[in-house]
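These notes concern the structure reproduced below.
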4 protein chains.
Amino acid sequence: MTSQNIRPRAREIGINIGVLPPGSLNSITDIPGIKVGHVSLIEGEGKLVPGKGPIRTGVTAIVPHGGNIFTEKVCAAVYLINAFGKSVGLLQVMELGNIETPIMLTNTLSVWTVADALVDYMSEQNPGVYSINPIVGECNDSALNDILGRHVKREHVLQALRNASETNVEEGNVGAGVGMTGFEWKGGIGTASRLLPGDLGDFALGALVLTNTGWAPDLRIDGIPIGNELTPDSYSHTEGSIMIIIATSAPLSARQLGRVAKRAAFGLARTGATASHDSGDIVIAFSTGNLISPSGKQSASPDEFVPELQLSFFFRAAIEATEEAIINSLLRSETMVGRDGITRIGIPIELVIAIMAKYRRNPRNQQLKKNNTFEKP
Amino acid sequence: MTSQNIRPRAREIGINIGVLPPGSLNSITDIPGIKVGHVSLIEGEGKLVPGKGPIRTGVTAIVPHGGNIFTEKVCAAVYLINAFGKSVGLLQVMELGNIETPIMLTNTLSVWTVADALVDYMSEQNPGVYSINPIVGECNDSALNDILGRHVKREHVLQALRNASETNVEEGNVGAGVGMTGFEWKGGIGTASRLLPGDLGDFALGALVLTNTGWAPDLRIDGIPIGNELTPDSYSHTEGSIMIIIATSAPLSARQLGRVAKRAAFGLARTGATASHDSGDIVIAFSTGNLISPSGKQSASPDEFVPELQLSFFFRAAIEATEEAIINSLLRSETMVGRDGITRIGIPIELVIAIMAKYRRNPRNQQLKKNNTFEKP
Amino acid sequence: MTSQNIRPRAREIGINIGVLPPGSLNSITDIPGIKVGHVSLIEGEGKLVPGKGPIRTGVTAIVPHGGNIFTEKVCAAVYLINAFGKSVGLLQVMELGNIETPIMLTNTLSVWTVADALVDYMSEQNPGVYSINPIVGECNDSALNDILGRHVKREHVLQALRNASETNVEEGNVGAGVGMTGFEWKGGIGTASRLLPGDLGDFALGALVLTNTGWAPDLRIDGIPIGNELTPDSYSHTEGSIMIIIATSAPLSARQLGRVAKRAAFGLARTGATASHDSGDIVIAFSTGNLISPSGKQSASPDEFVPELQLSFFFRAAIEATEEAIINSLLRSETMVGRDGITRIGIPIELVIAIMAKYRRNPRNQQLKKNNTFEKP
Amino acid sequence: MTSQNIRPRAREIGINIGVLPPGSLNSITDIPGIKVGHVSLIEGEGKLVPGKGPIRTGVTAIVPHGGNIFTEKVCAAVYLINAFGKSVGLLQVMELGNIETPIMLTNTLSVWTVADALVDYMSEQNPGVYSINPIVGECNDSALNDILGRHVKREHVLQALRNASETNVEEGNVGAGVGMTGFEWKGGIGTASRLLPGDLGDFALGALVLTNTGWAPDLRIDGIPIGNELTPDSYSHTEGSIMIIIATSAPLSARQLGRVAKRAAFGLARTGATASHDSGDIVIAFSTGNLISPSGKQSASPDEFVPELQLSFFFRAAIEATEEAIINSLLRSETMVGRDGITRIGIPIELVIAIMAKYRRNPRNQQLKKNNTFEKP
């Protein structure tokens, strides 16, 4: 059910979004130190029996660095595209500008169990600490999953954290992505990254998304109106949510990260999503380039700080990485049959390729990328 | 340990804060339909053994009305005085302008357990609903309580909801207030209310606070600098948090409630609190006068809506009720011995009375309250 | 210089953005009562002499209804995509949720003169009023215009207000749009509208934009990457700003208008814009369906209010109308030579048509619009 | 009319607010480099003839440092207590976290003229700059002044800037304060400062206020309910506005300054003000300790940055300095007769002293200030 290797990422089928180059993994793990781990829970089939199953859910851990996140917090910000959601811990991030635990993603009704387990995990590393702010994002997988059963348990959280690896981010039906829906196709986890122009410093920016949003006819891939020609046989106008995690190695301030986070919404918009009323569309952005001690001392030196004028490049990187991560999350997600036999089809790769070809989508003008910059090409 | 009747409320010792008259109970339950329930957990003594005790904590339920809160949501807003806190569910309130569950208060590290239990409670009443936004506020009672033990359990949440009553709000060391500290005295739960001038409609506004904040020398009661003359024998400059719940029967819009919530901070400021860096000071305001259906239809008629120009009276009511609720929370809280023998003394009533007398605090100019208005007295 | 009739709007060359139908004028003036007026200032040529010219600027008035806007204010909200800008009066809109003057657009350094003149205009209609909140938005036309000269004067403001008409919105190089730049082509004023599905009520939503933003290679028209193939001969990576005015006849609350305003950013994103650091990208949204008296009484009845669940349609309308208004602003703007001979070329219509054809852009799937709804087509 | 020396400041009559020590001038000019200048306009008397007078208004300049503010911007933040106001330029401050011009204060309807003049002033210093964000705050002096006459002219703005001096801040009926009302007494300009504990660095924080708010019976001076016993013979329940400028020499970030600015509201609350609906109560905070170049480079070194944990001291300093500045603004303002013979009485000093004595207000516990700290006294 998870033989994902047969489904390509966007670039593998010639879809090259934007003008900035991706990092070597084209993943949020291109940011040195970041680790991602998943636990996928897929059990049972047939009729929904709340509390029993079928289970189509999971949990994903994004670990900002290899140290103790509580004693070396990462500078962070939040942007609320649409705050119809249950995410945990974001208010403190908005006040203090930092994150002090890994970021977990899961289903809507499991956020509190996951938060509680994450506190256990951090608490063991930090004896004597009585205040910890766990960060948990969510989308609602009740279309496929017995969400009231709250099948994500403490041990799954700890396992996702243990599973976390720097090298490879599984995409599609993994972790929190198992039961999600994207543009009424199968959705899930996706990631992408961008390298900043070299004269800004040796910086990368990555996005990881949990896609559970979008109306089928709206889907655009790199602008091409896929949804005009290709929709699932049956679909409804139920739009969901998306969690977007943005990470960068550049030492941006919390205020600057807030500006970057806001641009992730532009990447979302380019896929055709509308952030409908009933969505919970939230962006969390953090920097590994400026660690913050519990007393609030920052590790970055002032020469390292990114002058405001250069933020436009980070904005662009956030837009491109978000757009590509969403497309990757669709391409990589296989068909999944969920509760009550409800099925989300993996978007048909060959048809996507054909429609892209029909629209004669060319590789983007290469001159723009000369010398790893895009000033006045 | 809870023979609270022997400790007076502010008005019982001649402290009459502000110019607007209180409701008959001088409590948040003066708003018709609102119920408050507590479960107090007090077990063990002596040395802290994380996970074992001693236990000095609890949970408090504020139930907005007697119906199904999910199908008849209350219009609501949030104001963040200082968002260094773990409260659950507030982002959705800020987006949608409503609350769809009772509001629970508890200790910092129990918010997720309580949220989870509250979802169970609402879920039973609303089968087929897969998205519920539980509201849980918190302060940190780790000074007295084994907070890592997370002793508040599902059954306590359900019991607090069952205990909820319209008639009588216990104050002091009850519910979430059991282990709290206020101006380095024993803190806890307090409440107060105000009647709006009659020509605005037959409206009341109430405040309920969970006091866990304040440096002893800063304490002011109705302006009098109590903290100049009276502090506990030993105290440190550790300041905590406060949760302030504001409720009104008037059909204010979410935007208007946001403006009212902001004024609760003025009531807090008048007690001498400074909302120090490490506090989590949060105001949640709601109206029972305009119920909202799941599709978003409002129950209030336009004639009932409060014209913006009259909001100043609600601002004043929020300031006065908050200030008095905080003072009540201190006066009503008895001495409590917590973990490791750490003790919070109930503020000595006789000394408070003596200092107030020394400063010749007179009853406020009565002419201001003539005819239940305060226009041009 | 303003023989604009020869340049088409998007729909006239087969570019049909989105799924909702436009109003009869496809303009913000499809909202009954709204009037738009321009004064264009085009004088001199050659070298810039600050204070003398050349002058390439103007002022545009958007008048919400035919009455006294101060005594019948319109419910309103603001969304700040990027607040690097000098717009006047927005803070009060954010606090009170209404607008009490016409909305004026002009160049960056003329906003204060225009605000002052607008106060004169309103003051004459409202003797005895000593507090008026003029609303003025801006973009920076210094690329073509002697902006330091502040050539927009009091009389131009009054004339734009007098010029305002319900029937016809001139687009392109008119009013505030005279000196603007869009995706490094000539930019300016554009407008578009959408009808909401009939079962929501007989409502329309319109957008009017002042386009001064965008990097040439980024331009997308209805998804098609025009900027990949077509850029001006010489261009720099200077990105500017955009003002987006959204109006609807539906009686949305200020909170709801805020949510709608946020979606206008999605329309902007779809054109390829990135809201770069140095842009000032601001959305002002208002409703003519709920007028507010100076004391704050609302005119709408509760049955008229739009239930939250239906907001998704307004979101979509805002996205589509904004995207189309921006494209119209480019298509309708003729080549303009400004100060120091700096020239902005009107985007070549024939080449746009050819590129769109090359990408075989088809009219959008018509089944989606059947019965004026887009539920489950 | 301005023989102000006969009226004392708070400390001169034994009113010592708070626990932190004031700077040597007890003024915002205790922050090295800050200069304040006033131009007062007092002409005519008798019946109001709009456009003619009587004139009771002015303009005040707060100059952050002696250099070019545009090329060495000061880090800054804004907090909106109540945004019913016309202040100019604040949105850009909120986005970018800096201020690039002096801050001017004036009457409500002169803000645009003043902004325009301030742009002239900055423009001359910065040729070739076509985007400048002037900062102008306001309160409404129409109770005494012919506000529609907009008597503050370009030359007054330039003169206030030239008048600016580091050494001495005039208080009361000067500059923007000429026509203001405070707690229905004569209001105007006030200032105060606090020194931070020495182990934080050699830092000061100052406040300058323009007081035009408050209902007479609400006035509290250092907690004592002056308004209970002392009100003007005739007063109405018209509440106005306040502008609060906070400055510090410590290199706080914009996010940190935002937190500090929020605490200024606590100082306002302690005076009895309620931030009524129709007030425009706004706080602008800036730091001279971290200058920012046009490209966004910061001057401060990381060792200089204030760790978050120490912000509580800045919060306290902001509360105390704001409270004292407001009291100074009342004490220092002489009786003023304005348009139509409307009179605002300078609060009677002897009666204030007598009431304070009656309440036996003692000097605050001196032990708290030992060693210039207030840790665990």
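Table for the structure above
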read-out	value
Residue pairs meeting the criteria (Cβ under 6 Å; at least 6 apart or on separate chains; first within 9 Å of another protein chain (Cβ to nearest Cβ), in region A:246-267; second among the aromatic types (Phe, Trp, Tyr))	A:262/A:79; A:263/A:315
Of the criteria (1) assigned to a helix (DSSP H, G or I); (2) open to solvent by 10 Å² or more (accessible area, probe 1.4 Å); (3) of a type in the set (Gly, Ala, Ser), which one residue B:325 fails	(2)
Residue, surrounded by the most Cβ atoms within 10 Å (Cβ to Cβ), within region A:90-102, restricted to residues that are over 16 Å from the mean Cα position of the chain (by Cα) and more than 7 Å from chain B (Cβ to nearest Cβ)	A:99
In region C:119-149, residue farthest from the other protein chains (Cβ to nearest Cβ) [restricted to those that are of a type in the set (A, V, I, L, M, F, W, C), over 19 Å from the mean Cα position of the chain (by Cα) and closer than 17 Å to residue D:108 by Cβ]	C:122
Filter result for residue C:80 (at pLDDT 95 or above, in contact with a strand residue (DSSP E or B) (Cβ under 7 Å, 6 or more places away or on another chain) and open to solvent by 20 Å² or more (accessible area, probe 1.4 Å))	yes
Unique residue being out of contact with any Asp or Glu (no Cβ under 8 Å at 6 or more places or on another chain), of a type in the set (D, E, K, R) and closer than 22 Å to residue B:341 by Cβ when the list is B:171, B:184	B:184
Conditions (1) away from chain D (no Cβ under 14 Å); (2) open to solvent by 10 Å² or more (accessible area, probe 1.4 Å); (3) not aliphatic (A, V, I, L, M); number of the one not met by residue A:299	(1)
Condition broken by residue C:202, with the remaining ones in (1) assigned to a loop (DSSP other than H, G, I, E, B); (2) under 17 Å from the mean Cα position of the chain (by Cα) satisfied	(2)
Residues of region D:7-54 that turn out to be more than 30 Å from residue D:99 (Cβ to Cβ), of a type outside the set (D, E, K, R) and not in a loop (DSSP other than H, G, I, E, B), as a count	4
All positions within region A:259-286 that are under 15 Å from the mean Cα position of the chain (by Cα), over 18 Å from residue A:330 (Cα atoms) and either in a strand (DSSP E or B) or charged (D, E, K, R) (or both)	A:262, A:263, A:280, A:282, A:283, A:284, A:285, A:286
The one condition in (1) away from chain C (no Cβ under 14 Å); (2) in contact (Cβ under 8 Å) with a residue 60 or more places away in the chain; (3) over 22 Å from residue D:81 (Cα atoms) that residue B:343 fails to fulfil	(2)
Filter pass, residue C:87 being of a type in the set (S, T, N, Q), within 9 Å of another protein chain (Cβ to nearest Cβ) and without any contact (Cβ under 8 Å) to a residue 24 or more places away in the chain	no
Those residues of region B:106-146 which are in a helix (DSSP H, G or I) and closer than 19 Å to residue B:172 by Cα, in sequence order	B:108
Meets criteria (farther than 18 Å from residue B:130 by Cβ and over 16 Å from the mean Cα position of the chain (by Cα)) for residue A:70	yes
Test set (1) open to solvent by less than 10 Å² (accessible area, probe 1.4 Å); (2) among the polar types (S, T, N, Q); (3) modelled with pLDDT under 95 - residue B:253 fails condition number	(1)
Condition broken by residue A:75, with the remaining ones in (1) under 30 Å from residue A:125 (Cα atoms); (2) open to solvent by 20 Å² or more (accessible area, probe 1.4 Å); (3) within 14 Å of another protein chain (Cβ to nearest Cβ) satisfied	(2)
Residue identified as on the phi > 0 side of the Ramachandran plot and open to solvent by less than 10 Å² (accessible area, probe 1.4 Å) among C:267, C:223	C:223
Meets criteria (surrounded by fewer than 24 Cβ atoms within 10 Å (Cβ to Cβ) and closer than 27 Å to residue C:56 by Cα) for residue C:242	no
Selection from region C:152-186 of residues that are assigned to a loop (DSSP other than H, G, I, E, B) and surrounded by 24 or more Cβ atoms within 10 Å (Cβ to Cβ)	C:152, C:169, C:171, C:173, C:178, C:179, C:180, C:183, C:184
Near pairs, Cβ below 7 angstrom, 6+ apart or cross-chain, from region A:271-296 (facing another protein chain (nearest Cβ under 7 Å) and at positive phi) to any residue that is open to solvent by less than 10 Å² (accessible area, probe 1.4 Å) and assigned to a strand (DSSP E or B)	A:275/A:81; A:275/A:82; A:275/A:281
Some residue of region C:109-116 being without any contact (Cβ under 8 Å) to a residue 60 or more places away in the chain and out of contact with any helix residue (DSSP H, G or I) (no Cβ under 7 Å at 6 or more places or on another chain)	yes
Cβ pairs under 8 Å, 6+ apart, first in region D:311-327 and closer than 21 Å to residue D:183 by Cα, second polar (S, T, N, Q)	D:319/B:274; D:321/D:193; D:323/D:271; D:324/D:26; D:325/D:191; D:326/D:211; D:326/D:271; D:327/D:271
Of all residues making up region C:81-104, the number that are in contact with an Asp or Glu (Cβ under 7 Å, 6 or more places away or on another chain) and either under 26 Å from residue A:259 (Cβ atoms) or of a type in the set (D, E, K, R) (or both)	7
Tabulated pairs, region A:26-52, first farther than 25 Å from residue A:195 by Cα and open to solvent by 50 Å² or more (accessible area, probe 1.4 Å), second at pLDDT below 95 and of a type in the set (S, T, N, Q), C-beta under 7 angstrom, 6+ apart or interchain	none
Some residue of region C:175-184 being free of Cβ contacts under 8 Å to residues at least 60 places away in the same chain and not aromatic (Phe, Trp, Tyr)	no
Those residues of region D:18-51 which are within 14 Å of another protein chain (Cβ to nearest Cβ) and in contact with a strand residue (DSSP E or B) (Cβ under 8 Å, 6 or more places away or on another chain), in sequence order	D:18, D:20, D:48
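For (1) more than 25 Å from residue A:10 (Cα to Cα); (2) open to solvent by less than 10 Å² (accessible area, probe 1.4 Å), each residue gets a yes or a no:
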| position | (1), (2) |
| --- | --- |
| A:190 | no, yes |
| A:199 | yes, no |
| A:203 | no, no |
| A:214 | no, yes |
| A:275 | no, yes |
| A:293 | yes, no |
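The values are calculated or read from the model by the stated rules, or taken from the named source; none is laboratory data. These numbers were taken from a predicted model, which means no experiment stands behind them. Cβ atoms come from the backbone with ideal geometry, glycine included; neighbour counts cover every protein chain shown. For accessibility, only protein heavy atoms count, side chains too; no ligands or nucleic acids. Shrake-Rupley method; radii C 1.70, N 1.55, O 1.52, S 1.80 Å.
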